[in-house]
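The values are calculated or read from the model by the stated rules, or taken from the named source; none is laboratory data. Since this is a predicted model, take the numbers as computed values, not measurements. Heads up, the Cβs are rebuilt from the backbone with ideal geometry, glycines too, and the neighbour counts pull from every protein chain shown.
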Amino acid sequence: MSGAPALVWFRQDLRLSDNPALAAAVESRCPVIPVYIWAPEEEGHWPPGAASRWWLSQSLAKLSEDLEKRGSRLIIHRGPTASAVSRLVAESGAASVFWNRRYEPAAMARDRELEAKLRESGLTAESFNGSLLFEPWKVRNSGGQPFQVFTAFWRACLRGSVAPGCRDAPKRLRSPERWTHSLALSELGLEPLVDWASGLREVWEPGEAGARRQLKRFLRQALAEYPENRDRPGVAGVSRLSPHLHFGEISPGEIWRAVLGIMDQNREACQAYLRQIGWREFAYHLLYHHPESPGQPLRREFADFPWRTHPKQLKAWKLGKTGYPLVDAGMRELRRTGWMHNRVRMVAASFLVKHLTIGWQEGAAWFWDTLVDADLANNTLGWQWVAGCGADAAPYFRIFNPTIQAKKFDRGGEYVHRWIPELDRHGTAPGDKYPLPLIDHAAARERALAALQSISRR
């Protein structure tokens with residue numbers, strides 16, 4: 001049994017079960033030192049937004065509690081990461097460092113550099129797949145190229161093998177002879193100075209236990225009706241597991257196996273939900289192969305699209321004051337809870353880029369700051385899809401009519417009324433309590449199509 005400790009570097013894998021990096025450290029039979037390093041400056045243009053920082057604070061607190069129950073503790077340091085790891089190795093005498101891979105461009109570049117440095121120093125440095133069902137570089141089309149269309153991508157994935165499951169959370173973790181210095185979680189300054197997060201606390205339970213409970217709730221109460229209810233924002237018809245997945249409080253493999261375990265009960269519903277897990281895989285596939293995509297359109301002609309700069313209209317959209325109830329309900333849900341139903345996300349995003357012709361990057365930045373499930377791969381895929389400039393994107397001439405979308409997917413008006421109480425169930429409000437539409441739908445459609453034609457002729 002080795003006496004030199006192993007560092008387990010936690011990032012977006014804030015769980016103890018089905019955690020291959022942690023499992024490798026335990027299997028080494030070394031003392032285990034769990035580590036979290038706060039280095040937002042190393043995230044390129046995408047340091048965690050305000051809602052993400054709030055969730056991260058809660059999740060780290062839960063992870064720390066879970067480690068303490070197993071005779072361990074979470075060591076917290078500030079970046080730079082390379083300096084923090086070197087300091088931890090020197091203080092603890094660690095001989096190995098284990099972590100689960102990330103796939104964002106800035107994180108991958110940092111990780112490659114750190115891995116090389118650790119190995120040059122004679123340390124064992126190993127990374128694992130703890131976030132995806134399929135590694136992005138392993139799924140290729142018949143020509144050996146990355147996919148651009150989801151259906152073909154997912155078909156190829158299903159012909160392969162899902163990343164194997166890992167063991168349950170360890171009951172105990174072997175501690176080092178002495179613990180190194182750690183910051184208090186509060187010293188990271190993740191919590192907002194002005195408490196705007198009460199709405200988030202009301203609806204979310206961050207942490208591994210919360211993720212497990214949410215999965216069980218979804219499988220028991222909503223999965224059977226998922227194909228019918230997934231587009232209805234007024235009912236509890238979706239899993240709401242996206243923030244738990246982003247922070248790695250639950251693995252996609254655990255979700256996959258749980259759904260497969262009840263496949264015989266309702267094959268159609270199970271396949272429909274797993275297909276959504278597939279879209280998450282596709283998002284990471286695209287981000288890996290197109291690292292420029294968070295800021296640049298995949299369809300190059302859209303680099304010349306005549307996006308407008310209109311601060312007042314952008315602010316009205318952010319505040320949920322566009323005069324279109326379904327859009328405004330979604331934006332108000334986002335501000336209150338840090339989340340928005342996916343159907344409404346599409347409608348709200350479409351309104352920004354097609355009604356207002358404000359650049360999709362503006363919307364992506366706002367979602368990044370306000371979503372608790374802000375995820376670079378998913379956020380990029382979603383916005384480029386709506387804007388019509390990404391892989392497998394919606395055609396630009398598909399311009400959602402927010403009024404028709406509300407009638408189709410919020411037929412009883414439950415969702416809109418919940419978030420815009422000044423409107424009655426018929427969509428009317430007394431006096432001037434609700435704003436007039438920022439722009440007429442027909443006029444907006446004409447302007448958007450004219451803008452598209454201006455780049456298609458070049």
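Residues to consider are R212, R240; find the one that is under 30 Å from P402 (Cα atoms), of a type in the set (D, E, K, R) and under 19 Å from the mean Cα position of the chain (by Cα).
Answer to the selection: R240.
Would you check if there is a residue in region 182-192 being out of contact with any helix residue (DSSP H, G or I) (no Cβ under 7 Å at 6 or more places or on another chain) and modelled with pLDDT under 95?
Checking region 182-192: not a single residue is out of contact with any helix residue (DSSP H, G or I) (no Cβ under 7 Å at 6 or more places or on another chain) and modelled with pLDDT under 95.
Pull out all pairs, ordered by first then second residue, where Cβ-Cβ is under 8 Å, the residues are six or more apart or on different chains, the first lies in region 298-320 and is over 25 Å from F147 (Cβ atoms), and the second is surrounded by fewer than 13 Cβ atoms within 10 Å (Cβ to Cβ).
The qualifying pairs are D304/R458; P306/S454.
From the list Y288, Y324, Y284, exactly one residue is in contact (Cβ under 8 Å) with a residue 24 or more places away in the chain, crowded, with 17+ Cβ neighbours inside 10 Å and more than 18 Å from S131 (Cα to Cα). Which is it?
So the residue among Y288, Y324, Y284 that is in contact (Cβ under 8 Å) with a residue 24 or more places away in the chain, crowded, with 17+ Cβ neighbours inside 10 Å and more than 18 Å from S131 (Cα to Cα) is Y324.
Count, please, the residues in region 109-146 that happen to be touching a residue at least 24 places away in the same chain (Cβ under 8 Å) and not in a loop (DSSP other than H, G, I, E, B).
The total comes to 12.
Between a residue in region 68-87 that is in the same structural domain as E115 (by TED's automatic domain parsing) and among the charged types (D, E, K, R) and any residue that is assigned to a strand (DSSP E or B) and modelled with pLDDT of 95 or more, which pairs come within a Cβ distance under 6 Å, given they are 6 or more apart or on different chains?
Every condition considered, the pairs that remain are R78/W38.
Quick one: what pairs do we get from region 199-212, first residue without any contact (Cβ under 8 Å) to a residue 60 or more places away in the chain, second assigned to a helix (DSSP H, G or I) and not basic (K, R), C-beta under 8 Å, 6+ apart or different chains?
Sorted first by the residue in region 199-212, then by its partner, the pairs are E205/Q214.
What single numbered condition from (1) of a type in the set (S, T, Y); (2) closer than 19 Å to V344 by Cβ; (3) modelled with pLDDT under 75 fails to hold for T428?
The failed condition is (2).
May I ask you to list the residues in region 22-72 that are under 22 Å from the mean Cα position of the chain (by Cα) and part of a loop (DSSP other than H, G, I, E, B)?
Hits for region 22-72 are A39, E43, G44, H45, W46, P47, P48, G49.
Give just the number: which of (1) among the small types (G, A, S); (2) under 15 Å from A348 (Cα atoms); (3) modelled with pLDDT of 90 or more does A394 not satisfy?
The number of the failed condition is (3).
Which pairs do you get when a residue that is over 15 Å from S239 (Cβ atoms), found in region 254-270, comes within reach of a residue that is hydrophobic (A, V, I, L, M, F, W, C), reach meaning Cβ atoms under 7 angstrom, with the pair 6+ apart or on two chains?
So the pair list comes out as M263/C270.
Among (1) at pLDDT 95 or above; (2) assigned to a helix (DSSP H, G or I); (3) out of contact with any Ser or Thr (no Cβ under 6 Å at 6 or more places or on another chain); (4) surrounded by 21 or more Cβ atoms within 10 Å (Cβ to Cβ), there is one condition P233 misses while meeting the rest; what is its number?
(2)
Looking at A348, A406, A365, A393 in this structure, which one is small (G, A, S), in a helix (DSSP H, G or I) and surrounded by fewer than 22 Cβ atoms within 10 Å (Cβ to Cβ)?
A365
In the list A106, A94, A156, which residue meets the criterion of being in a helix (DSSP H, G or I), over 22 Å from S251 (Cβ atoms), at pLDDT 95 or above and hydrophobic (A, V, I, L, M, F, W, C)?
A106
Residue by residue through region 253-276, note down the ones that are closer than 28 Å to A393 by Cβ and crowded, with 19+ Cβ neighbours inside 10 Å.
Answer for region 253-276, where residues must be closer than 28 Å to A393 by Cβ and crowded, with 19+ Cβ neighbours inside 10 Å: I255, V259, A269, C270, Y273.
Answer yes or no: is there a residue in region 414-421 that is assigned to a helix (DSSP H, G or I) and more than 26 Å from the chain's Cα centre (by Cα).
yes
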